[in-house]
Amino acid sequence: MNKFIRLFLAFVIVLLIVELSYSQPERKTTKVGTTIAQFLKIPAGSRSIGMGGSAAAVEGDIYSIYWNPGALAKMKTPGEVSFNQAQWIADIDYSFVAAGLTIDDFGTLGFSVTSVSTPEEVVRTEINPDGDGRRWKYNALAMGLSFARSLTDRFSIGFTAKYIREGIWNMSSQGFAFDIGTIYTTNFNDLKIGASISNFGSKMRLEGHNISFNTFPEGEQGQGAQNVESIYKTDSYDIPLTFRIGLAMDILRMENIRVTGAIDATHPNDNAEYINTGVEFAFNELFFARAGYKSLLLDETEEGLTWGVGLNFPVMTTTGVKLDYAFADFGRLKDVQYLTVSITY
């Protein structure tokens, strides 16, 4: 067996051990709602979303930074800058910016920023149900620095270190996390196998002004210590750790036509396992049509059908502009539409 195949299998086994150490064997509940920083689970990249989120083994996309940093080493051009925007459910504004640069004999460097925010709302209380004059909003931010390298022409590995911050009104929480991934191209019709772990990191805890209060330790005013500044103790929560393993392969390749199929198996630490699958049709690598289905086998999910289109406008030999659009159906919830603009160079 080729040593790189053995290395890939060993790497996947390590990922599985790490992931299983954070999961509960024989768990009878899905643990939905038990992790903090849920915005980290919002997918990035219209191409991947149009294919149902089956992107662990898909190459040639800057948004590998999100799905599998190992595949970042397989960017089609030396550099790329991309912006992804979506109006998420409940009027949540979501943006993802990514940039990558390949340096000869070194590897590929990547940088990403995720930004999430809600519209500002009035503070309503039992006494003032129409508002008490104050206003609040939710915002979140994640900044990541990535590195990926091809160890051979068929085997690549990548890492991302990121800072995470989440805030609501006068409260905020902070943490750090790592993503790690690998991708291997087999000899069978160039079938690609990808595996990654996302958000392996610290717990996060809300802190801030809203848990501060004054108290009378003796129980009565006028006796003992007075107006002692105190804070409520808040719990720490895990961030949404996700393990992905996927397959991707060109199921049809002609002179001007390519059809790529992909499938991912996903295991999160705060829900049950599910499968994403999708397909991409490319004409002359200039026009793209995509379709997929998300969260197969997941009970009581509102996610499902996805589709999208894309255009590639070459400007020079390596420089070009890419426009990608994706639609994701959320059932009883409002559908979400994504727009991605990329510049390659």
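Spatial offset of the stretch 109-163 relative to the stretch 49-74 amounts to 19 Å, using the alpha carbon center of each. Here the spin labels are modelled as points 7 Å beyond Cα on the Cα-Cβ line, and at THR301 and ARG134 they lie 3.9 nm apart. The smallest convex shape that holds all Cα atoms of the stretch 123-223, its convex hull, gives 184 Å³ per residue. From least to most packed, judged by other beta carbons within 10 angstrom and beginning with the fewest, VAL32, VAL309 follow the order VAL32, VAL309.
How would you order 229-238, 281-290 from highest to lowest mean count of nearby Cβ atoms within 10 Å?
Numbers: 229-238: 11.9, 281-290: 15.6.
In descending order of packing, they fall as 281-290, 229-238.
Which log10 I(q)/I(0) values does the stretch 303-345 give at q = 0.20, 0.21, 0.22, 0.30 Å⁻¹ under the Debye formula, counting every alpha carbon as one identical point scatterer? Each listed q corresponds, in turn, to -0.64, -0.67, -0.70, -0.96. P(r) tail for the stretch 38-158: Cα pairs beyond 19 Å make up 54% of the total. Simple rule: put +1 on each Lys or Arg Cβ and -1 on each Asp or Glu Cβ in the chain, find the dipole, and look at PHE147, VAL97, GLY304; the Cα lying farthest toward the positive end is PHE147.
Backbone phi angles across the stretch 307-315, fed through the Karplus curve with coefficients 6.51, -1.76 and 1.60 (θ = phi - 60°), yield HN-Hα couplings of 7, x, 9, x, 10, 10, 10, x, 9 Hz in residue order; Gly and Pro are listed as x.
When peptides 145-158, 163-176 are ranked by their average number of other Cβ atoms within 10 Å per residue, the highest-first order is 145-158, 163-176.
Here the chain has an Rg and Dmax of 22.6, 88 Å, counting Cα atoms alone. Its Kirkwood hydrodynamic radius, worked out from the mean inverse distance over all distinct Cα pairs, puts the stretch 277-338 at 13.1 Å.
Rank-order 56-62, 127-133 by packing density, defined as the average count of other C-beta atoms within 10 Å over each peptide's residues, highest first.
Working: 56-62: 25.6, 127-133: 9.1.
Listed from highest to lowest mean packing, they are 56-62, 127-133.
Between ILE251 and ALA161, the simple spin-label model (points 7 angstrom out along Cα→Cβ) gives 4.1 nm. Rg/Rh for the stretch 236-300 (Cα atoms only, Rh after Kirkwood) is 1.15.
Just so you know, the averaged projected area of the alpha carbon convex hull for the stretch 106-169 sits at 6.2 nm².
In this model, which of LYS74/LYS294; LYS162/LYS294; LYS31/LYS322; LYS74/LYS137; LYS233/LYS294 are farther than 28 Å apart at the alpha-carbon? Violating the 28 Å Cα-Cα cut-off are LYS31/LYS322; LYS74/LYS137; LYS233/LYS294. Adding -39500 (n - 2.57) for every DSSP H run of four residues or longer, then dividing by how many residues the chain holds, sets the calculated 222 nm ellipticity at -2500 deg cm²/dmol.
Just so you know, all these numbers are worked out from the coordinates, no wet-lab data involved. Not measured: the values here are computed from a predicted model. For neighbour counting, all protein chains shown are included, and Cβ atoms are generated from backbone atoms with ideal geometry for every residue, glycine included.
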